[in-house]
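One structure below.
The values are calculated or read from the model by the stated rules, or taken from the named source; none is laboratory data. On a predicted model such as this, the values are computed, not experimentally measured, just so you know. Every residue, glycine among them, receives a Cβ derived from its backbone with ideal geometry; neighbour counts consider all protein chains shown.
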Amino acid sequence: MTEHRAPTVEHLLRELAPRVLSVMARRHDFETAEDAVQEALIAAATQWPRDGVPGNPAGWLHHVAVRRLTDHVRSEMSRRQREDTVAGEVWAEWAFVPPPDADVRVDDSLTLLFMCCHPTLTPASAIALTLRAVGGLTTVEIARAFLVPEATMAQRISRAKQAIRAAGATFSMPADMERDSRVGSVLHVLYLIFNEGYVSSEGAQLHRVDLALEAIRLVRATRALLPRDGEVAGLLALMLLTEARRAARTGVNGELIPLDEQDRSLWDRALIAEGSVLVEEALQAGAGPYALQSAIAALHDEAASVGETDWPQILALYDVLGEVSDNPMVKLNRAVAVAMVHGPIEALGQLDRLEQDPRITGHYRLDAVRAHLLQLSAQFDQAEKRYRAAAERTANLPERDYLLMKAAAAARLLEQREH
Amino acid sequence: MRFMLMMHAPRGNGEYAVMSWKPEELNSHVAYMHQLNRGLIESGEFVGAEGLAPPGQAKVVKSGRNGSPAVTDGPFAETKEFLVGFWIVDVESEARAHEIAARASSAPGPGGQPMSIPIEVRQVMSAPPTNE
């Protein structure tokens, strides 16, 4: 049913969903409010394309959601009345259905986002709940995007809501001291949604929501709520600057094309321009991890070729990034920049040290980067071995194929040199 | 992370051993598997599960002349074991996939005893490259 939704109605609903829910959640229990809004969205998705969009669409959704909630409570009440006859005061609450309220407070929308990305949730649960409650997607759409059955996704969402309740979270703004870390959780969930879209974007996307674009939309909405937060700006910049390369990063058969081999004329200049402006803003606001990563992405996007890339500047940014986030993957990426500035031998020495870090020992990307550095230093036999070792351990099919092609290329270079 | 959990059984005579089980043994086996699947749906980890027809009905197909199918009937004496059925689960960690596999493995057989059926666990190649 949902696939026949007109695009305009679909977009309108996704935009209105969190607004209606945050008004509802202020007054009612979050779990039931969220279900009621979802039912209202499904009703709108069938009725609006047929009967036309109502004059006050937010009011319509709110009204229908409250009706659903009331029906739900009524049936619950009559069940209980059959069991015992204590009912009185709860009825009074439902006798006054709150008026449709389009005037949503910024705090409510933020509270909703914090709730859906609650730190007690597993990433999979937080992603599912955020896409439904904040993104306004239906369970069917989310299930399809993640290629799992609808029943599985419905359970993930309902378990997420149970976990929030079990954690004792109420629909209220976290305390100031907690806020930064809660914004961090929100950004992490949005980043994961984008990453999921980034990976699954190759191949047929028939009837599937584009998760990368959904993530960008949600970060834009978050930015409207937190306009002065540098990390929000940084994450949006990072997504736009990555999305800008989409058309160039896969070949006709979905094969991976790395940055240094991409046709840069396919990059989206408008996205790069928008992202670059945001990078400046993000860096000025405090140079957090997302801001720094976006600055690195901008330097890549602004270069006409790999050779013309400002590698010393990228290396300097990796140094700062290494200070604000202790992440072995950052050090690994830094090694590539070291090779471009100081040569592969020095970079290989750094990898030897990095290999001692238990968080990354045995990771295929360590082998992939080492292979790349060995290749740069013309040690083709070792490069081939490392590329193969990396290919054996990656869980990503296009990436495995790419690493095997690199191994074969290294073997060919070795052969040419020997003859 | 997605994993495929494959349940293997010795090839035998090409028929499933369950054919010779007592009805109550079969019942408790089926109930156990049903329960396992319900649990996976409820935990939000279920992607799919199927049981396969016995190997006596298996065919091997190769492309023949002009790409037309050349079909050979089973069972195939050379295979030592065969695939009985599989699950695909979407879980947070490999350890969790092992836990589910162990539960599938201890499904009751004759006499209601856990069978310790070997379950091959293989990651489905679709995981995102880890940038973190």
Practice task
Would you check if there is a residue in the range A:51-70 being closer than 22 Å to residue A:154 by Cβ, hydrophobic (A, V, I, L, M, F, W, C), modelled with pLDDT under 90 and crowded, with 17+ Cβ neighbours inside 10 Å?
Solution key: yes
Problem - Subset of the range A:300-327 (residues that are more than 23 Å from residue A:377 (Cα to Cα) and crowded, with 19+ Cβ neighbours inside 10 Å) - result: A:301, A:317, A:321
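Answer yes if at least one residue in the range B:61-69 is part of a helix (DSSP H, G or I), surrounded by fewer than 15 Cβ atoms within 10 Å (Cβ to Cβ) and under 14 Å from the mean Cα position of the chain (by Cα), and no otherwise.
Within the range B:61-69, the subset part of a helix (DSSP H, G or I) is B:65-67.
Now drop any that are not surrounded by fewer than 15 Cβ atoms within 10 Å (Cβ to Cβ), which leaves B:65-67.
With under 14 Å from the mean Cα position of the chain (by Cα) added as a condition, the list becomes none.
Scanning the range B:61-69 turns up no residue that is part of a helix (DSSP H, G or I), surrounded by fewer than 15 Cβ atoms within 10 Å (Cβ to Cβ) and under 14 Å from the mean Cα position of the chain (by Cα).
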Handout entry: Residues satisfying the stated conditions in the range A:360-377, i.e. under 16 Å from residue A:391 (Cα atoms), among the small types (Gly, Ala, Ser) and in a loop (DSSP other than H, G, I, E, B)
Key = A:362
Handout entry: Some residue of the range A:368-380 being of a type in the set (Gly, Ala, Ser), within 14 Å of chain B (Cβ to nearest Cβ) and crowded, with 18+ Cβ neighbours inside 10 Å
Key = yes
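From B:103, B:96, grab the single residue that is within 14 Å of chain A (Cβ to nearest Cβ), in a helix (DSSP H, G or I) and at pLDDT 95 or above. Let's see the steps before the verdict.
Details: B:103 fails: within 14 Å of chain A (Cβ to nearest Cβ).
Only one candidate passes the filter, namely B:96.
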Exercise for the section: Tell me the helices (runs of 4 or more DSSP H) entirely within the range A:308-358 that contain at least 1 residues that are in contact (Cβ under 8 Å) with a residue 24 or more places away in the chain and within 14 Å of chain B (Cβ to nearest Cβ). Expected result: A:311-324, A:328-342
Exercise for the section: State whether one or more residues within the range A:74-85 are at pLDDT below 90 and touching a helix residue (DSSP H, G or I) at 6+ places or on another chain (Cβ under 9 Å). Expected result: yes
Fill in the blank from the handout: Condition set more than 14 Å from chain A (Cβ to nearest Cβ) and under 17 Å from the mean Cα position of the chain (by Cα), scope the range B:37-60, selection surrounded by the fewest Cβ atoms within 10 Å (Cβ to Cβ): answer is B:53
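Is it the case, given these coordinates, that residue A:417 is of a type in the set (D, E, K, R), in a helix (DSSP H, G or I), away from every other protein chain (no Cβ under 14 Å) and crowded, with 18+ Cβ neighbours inside 10 Å?
no
Identify, please: which residue in the range A:381-408 is hydrophobic (A, V, I, L, M, F, W, C) and buried (at least 17 other Cβ atoms within 10 Å of the Cβ) and is, among those, farthest from the other protein chains (Cβ to nearest Cβ)? Before you say what the answer is, go through the steps one by one.
Of the range A:381-408, the ones hydrophobic (A, V, I, L, M, F, W, C) are A:383, A:389-391, A:395, A:397, A:403-405, A:407-408.
Imposing the further condition that a residue be buried (at least 17 other Cβ atoms within 10 Å of the Cβ) reduces the set to A:383, A:389-391, A:395, A:403, A:407.
On the way: A:383: 20, A:389: 16, A:390: 11, A:391: 11, A:395: 4, A:403: 11, A:407: 17 Å.
Across the range A:381-408, the extreme among qualifying residues is A:383.
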Exercise for the section: Would you please name the residue that is nearest to residue A:311 (Cα to Cα), looking only at residues in the range A:256-291 that are acidic (Asp, Glu) and assigned to a helix (DSSP H, G or I)? Expected result: A:260
